[in-house]
Amino acid sequence: MSFEVKTIWLNGKFIRWEDAKVHILTHALHYGTAIFEGARCYDTKRGPALFRLKEHIDRFFLGMKALYMPVNFSKNEIKNAILETVRRNKLKDCYVRPFAFYGYGNVGVNPKGRGVEVAIIAVPFKDYLPPKPITVKIPPFLRINSAATVRGRKISGMYYNAALSGIWANKHNADEALMLDAAGNIAEGASSNVFCVKKTKTGITLVTPESEDILEGITRDTILKMAKDLGLKTKIKRVTPREFLKMDEAFFTGTAIEIHPIGKLNNKKIGDGAVGEITSLLRNYYQKIVHGEIPKYRRWLAFV
Ligand code: PMP
């Protein structure tokens, strides 16, 4: 499936896909001074709907504020622009990328006085990865430290760390990287959060790392909330790589990756290395939620 679509929203206007170009002296291209968001639209029985759009727009605006971007659009205007972008491109299952960046000007690092451009891109999107357990490895570099940036914001410049991790992982025969934080504990995936499952006599617990150096994702929040419905306990705590290896199951979470099983860490199996029963349960329930099939979560859907 081609990812190209008809139109992109740029600074309040719809332009043709092939016209969505920037100059080589765009500030963000040199210094990563951009904010991006990634939201999903699912084809539901009642038509296409964006999942947790409010939370994605809120995070987008917090990001723009963190980079001191003057913003000329309200949250409602961005919401309408997103819905209209999906509509005009006749998309159903798609990925939506709101994007704000410091634009054209001279080569100086300080973007003061530069214009800010805002774009909304929507591309067809279904499964990010085939649902087989992936292998992960811990790269020799850390997840970018939150103390050196603004925590919890999707700032483009920080993503060289994620991009590099992916390349490193592939070069070392792994599908994805699992990042450590500055304390040497498990942080997150390159662009996803991570959970593990611990089964004991007293019940089943979902564990996700407590760390300064993670993006506390929207999918992570969804899973923590829906776990109760499935009778699962949840715990946010520090997890060492050694503890991670003793878990019964593990999976990545994120808007794009959804819930994806991890089979091996550094060549060692997690549990039996297959898709775990709790991971499957969560995957199925998550699909029901995003497709509007669980009434109490329908408020999370914004219909196109
Ligand atoms: N961590 C990082 C570094 C990410 O880029 C993402 C993807 N946005 C996530 C976690 C997962 O966040 P979400 O569930 O909000 O997509």
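The values are calculated or read from the model by the stated rules, or taken from the named source; none is laboratory data. Keep in mind it's a predicted model, so treat the numbers as computed, not measured. Note that each Cβ is placed from the backbone with ideal geometry, even for glycine, and that neighbours are counted across all protein chains shown. Just so you know, the surface numbers come from the protein's heavy atoms only, side chains and all, with ligands and any DNA or RNA stripped out. Shrake-Rupley method; radii C 1.70, N 1.55, O 1.52, S 1.80 Å.
If you take every DSSP beta bridge fully contained in the stretch 153-284, what fraction is antiparallel? Give it as a percent rounded to 5.
80 percent
List the pair-distance distribution P(r) of the stretch 149-304, using every Cα-Cα distance, as the percent of pairs falling in each 10 Å bin from 0 up to the bin containing the longest distance, rounded to whole percents.
In order of increasing distance, the bins hold 10, 40, 35, 14, 1 percent.
If you take the alpha carbon radius of gyration of the stretch 27-115 and divide it by 2.2 N^0.38 Å, what ratio comes out, to two decimals?
Relative to the 2.2 N^0.38 Å estimate, the stretch 27-115 comes out at 1.24.
Could you tell me whether the stretch 32-175 comes out rounded, prolate or oblate from its Cα gyration tensor? Rule is a ≥ b ≥ c as square roots of the eigenvalues, rounded for a/c under 1.5, then prolate if a/b exceeds b/c, otherwise oblate. The partial results should precede the final answer.
Details: a/c = 2.12, a/b = 1.03, b/c = 2.06.
Note, shape of the stretch 32-175 comes out oblate.
If I build a Gaussian network model for the chain, linking alpha-carbon pairs within less than 10 angstrom, which residue out of Lys154, Lys237, Lys137 has the largest mean-square fluctuation?
Checking each option, the largest mean-square fluctuation is seen for Lys237.
Quick one: grab Rg to one decimal and Dmax as a whole number for the chain, Cα atoms only, in Å.
For the chain, the Cα-based Rg and Dmax read 19.7, 64 Å.
In debye to the nearest 20, how big a dipole does the stretch 188-300 give about its Cα centre with +1 on each Lys and Arg Cβ and -1 on each Asp and Glu Cβ?
400 debye
Any chance you could give the angle, 0 to 90 degrees and rounded to 10, that helix 75-88 forms with the longest Cα principal axis of the chain?
Taking the Cα atoms of the chain, the angle to 75-88 is about 90 degrees.
If Asp43, Asp181 are ordered by their accessible area, calculated over protein heavy atoms with a 1.4 Å probe, which sequence runs from highest to lowest?
Solvent-accessible surface, decreasing: Asp43, Asp181.
Work through the residues other than Trp168 whose Cβ is under 14 Å from its Cβ and net out their charges, Lys, Arg +1 and Asp, Glu -1.
Around Trp168, the surrounding residues sum to +1.
Rounded if a/c is under 1.5, else prolate if a/b is larger than b/c, else oblate: which is the stretch 134-216, with a ≥ b ≥ c the root eigenvalues of its Cα gyration tensor?
It comes out oblate by the Cα gyration axes.
Looking at Thr200, Thr253, Leu215, which one has the Cα that reaches farthest to the positive end of the dipole of the stretch 176-261 (charges on Cβ: Lys, Arg +1; Asp, Glu -1)?
Selected residue: Thr200.
Rounded to the nearest 10 Å², what accessible area does Arg88 have for a 1.4 Å probe in the complete protein model?
Rounded to the nearest 10, the figure is 110 Å².
Would you mind telling me which residue in Lys79, Lys264, Lys225 has the biggest mean-square fluctuation in a Gaussian network model of the chain, where springs connect alpha carbons within a distance under 10 angstrom?
Answer for the Gaussian network model of the chain: Lys225.
Heavy atoms only, 1.4 Å probe, whole protein assembly: order Lys268, Lys112 by accessible area, highest first.
Largest to smallest exposure gives the sequence Lys112, Lys268.
Please quote Rg/Rh for the stretch 212-304 to two decimal places, taking the Kirkwood radius as Rh and restricting both calculations to Cα atoms.
Ratio value, two decimals: 0.99.
Distances over 13 Å make up what percent of all Cα-Cα pairs in the stretch 258-304?
Values: 667 of 1081 pairs.
Here the tail beyond 13 Å accounts for 62 percent of pairs.
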